[in-house]
Amino acid sequence: MVLLLGLAACKPEPEALLMPENRPFELDLPAHFPEMDIPVDNPMTADAVELGRLLFHDTRLSRDGMVSCATCHLQHLAFSDGEAISIGIEGRTGLRNSPSLANVGFAPRLFMDGGVPTLEMQILAPIADENEMDHNILLVAEELNTDPQLTALAQSAYQQEINPYTITRSLAAFERSIVSATSKYDLYLQGEAMLTEEEMLGMELFNSDELQCASCHSSALFTDYEYHNIGLYLEYADPGRERISLDQNDWGKFKTPSLRNVAFTAPYMHNGSLNTLEEVIDFFAGGGESHPNKDQRIQGFEINQTEKDALIAFLNCLSDESLRHNPAFYP
Ligand code: HEC
Ligand code: HEC
């Protein structure tokens, strides 16, 4: 506390320094959401989340000081980036489309191939990846330790300086705080909003045995967190899940993406190859390519323009405007 006051006196601006005691951070989840598994060794606290928020927007995490997590995960795009393939340091392109981070705290494994088990570990990937931030976390920590606002928060949250431990923990805590649960669909489930006739038709189609959308995009999070080959290609350039499992039967399988906020996350698919929701529906209606690993459920179906519009109207009900304007996630 003495330290905090001392720093606050010579640098009065950051309010975070004046935070009296670190308090638990309460997640506000509606009843229709699952529980979030929060690791016992990284409890959510206000200062941990606050430190993570600052680091998320800090370009000092990249080697040239130009790229932050938020460069590729923009709040107004539900923390995706609008590019087909993400662009990192010095204009380098990676392999995949940047996914939304909304509700990422519920995911049992990270990345489209499930290559990483925890958010804490995931953070090491973009910092080190030569196409993303191309930096060394030890050097990042060294530089950030000269920032009194960050070091004070790290001390308060973890009783440690800025180091790989506090960087990864706090970023993970911040990411768990990115909950999106106030879409029109949520308000409808809570009896606080009505869906239009068109949106209701779209919901029926989504849940129908013929379209099968809800069998993979299941639960309140609109994903089963499983890996499926949907027949996007006959020959996939990206092996997907096979990259991790080394099992040929997993070639071309990708983690089912949540459809929450899908109106903000174009372009679609692991490589951003489809530009609009209409193109996505046309793809599923066509039944995809006959890849040997293609899921049985992707068989194609008949759909007219009225039904297509209705399905898109329903998907648009999964948009959470307040996520895009929530100051808790601002830089
Ligand atoms: C250059 C762009 C870029 C930067 C910078 C970047 N990411 Fe990502 N992020 C991506 C892409 C692309 C993926 C998808 C990779 C995959 O699934 O293989 C991704 C995936 C993720 C995932 C997994 C989401 C899921 O549902 O599986 C998380 C979490 C994440 N990023 C958080 C971060 C954090 C935290 C930072 C900063 C430390 C960061 N990202 C920096 C582009 C970026
Ligand atoms: C067999 C499981 C399965 C079924 C059935 C299914 N999907 Fe998907 N869906 C996926 C997977 C897996 C992906 C990601 C594929 C990729 O990245 O290559 C995906 C991607 C999408 C995307 C792109 C999301 C994004 O962020 O890139 C949308 C939109 C979508 N599906 C909507 C639907 C609709 C609408 C239906 C019903 C007509 C449907 N899906 C049926 C598994 C499924």
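The values are calculated or read from the model by the stated rules, or taken from the named source; none is laboratory data. Treat the numbers as computed from the prediction; the structure is a model and nothing was measured. With ideal geometry, Cβ positions are generated from the backbone for all residues, glycine too; neighbour counts draw on all protein chains shown. Heads up: the accessible areas ignore ligands, DNA and RNA and are worked out on the full protein's heavy atoms, side chains in. Shrake-Rupley method; radii C 1.70, N 1.55, O 1.52, S 1.80 Å.
Starting from the amide H of Thr45, placed 1.01 Å from N in the peptide plane, find each other amide H under 5 Å away whose residue is 5 or more places distant or on another chain.
Excluding prolines and chain starts, which carry no amide H, the hits are Phe25.
Compute, for the stretch 46-179, the length of the dipole vector about the Cα centre, with Cβ point charges of +1 (Lys, Arg) and -1 (Asp, Glu) only. Units Debye, rounded to 20.
380 debye
Relative to the compact globular guide of 2.2 N^0.38 Å, what is the alpha carbon radius of gyration of the chain, as a ratio?
The chain yields a ratio of 1.06.
Taking Lys294 as the anchor, which aspartates and glutamates have their alpha carbon closer than 12 Å to its alpha carbon, excluding any fewer than eight residues away along the same chain?
Output for Lys294: Glu235, Asp250.
How large is the charge dipole for the stretch 184-321, taken about the Cα centre, if only the Cβ atoms of Lys, Arg (+1) and Asp, Glu (-1) carry charge, to the nearest 20 debye?
My answer is approximately 480 debye.
Run the accessible area of the chain with a 1.4 Å probe and give the carbon-and-sulfur part as a rounded percent.
So the carbon and sulfur contribution to the accessible surface is 54 percent.
Please give the Cα centre distance for the stretch 234-291 versus the stretch 122-146, rounded to the nearest Å.
29 Å
If one puts a single equal scatterer on every Cα of the stretch 184-321 and applies the Debye formula without solvent, what log₁₀ I(q)/I(0) results at q = 0.15 Å⁻¹?
Relative scattering, expressed as log10 I(q)/I(0), comes to -0.75.
By the gyration tensor of its Cα atoms, with a ≥ b ≥ c the square roots of the eigenvalues, what is the shape of the stretch 178-224: rounded for a/c under 1.5, prolate for a/b over b/c, or oblate?
Oblate, because a/c is 1.5 or more while a/b does not exceed b/c.
Relative contact order for the stretch 171-303 using alpha-carbon pairs under 8 Å, separation at least 6, rounded to a whole percent?
21 percent
Could you tell me which of Asn97, Gly202, Ile123 has its Cα farthest along the dipole of the chain towards the positive end, charges placed at Cβ (Lys, Arg +1; Asp, Glu -1), taken about the Cα centre?
Ile123
Using a probe radius of 1.4 Å on heavy atoms only, what accessible surface per residue do you get for the stretch 262-331? Whole Å² is fine.
Computed with neighbouring chains in place, this is 47 Å² per residue.
List the residues whose amide H sits under 5 Å from the amide H of Gly240, counting only those 5 or more places along or on another chain, with H placed 1.01 Å from N in the peptide plane.
Gly252
With springs connecting C-alpha atoms under 10 Å apart, model the chain as a Gaussian network and identify which of Leu144, Leu205, Leu27 has the largest mean-square fluctuation.
Fluctuation is largest for Leu27.
Can you give me the relative contact order of the stretch 102-237 as a percent, contacts being Cα pairs under 8 Å and 6 or more apart?
21 percent
Give me the base-10 log of I(q)/I(0) for the stretch 40-95 at each q in 0.17, 0.20, 0.23 Å⁻¹, Debye formula, one uniform scatterer per Cα, rounded to two decimals.
-0.64, -0.80, -0.93
How large is the dipole of the chain about the Cα centre if only Lys and Arg carry +1 and Asp and Glu carry -1, each at its Cβ, rounded to the nearest 20 debye?
Around 580 debye, computed over the chain.
Evaluate the relative contact order of the stretch 68-131 (contact order divided by residue number), counting alpha-carbon pairs under 8 angstrom at least 6 apart; express in whole percent.
Worked out over the stretch 68-131, it gives 25 percent.
How about the stretch 211-309: which GluC sites (Glu not before Pro) there lie in a loop by DSSP and see at most 12 other Cβ atoms within 10 Å?
Glu235, Glu302
On the first, second and third principal axes, largest extent first, how far apart are the outermost C-alpha atoms of the stretch 46-179 in Å?
Principal-axis extents of the Cα atoms in the stretch 46-179, largest first: 39, 32, 27 Å.
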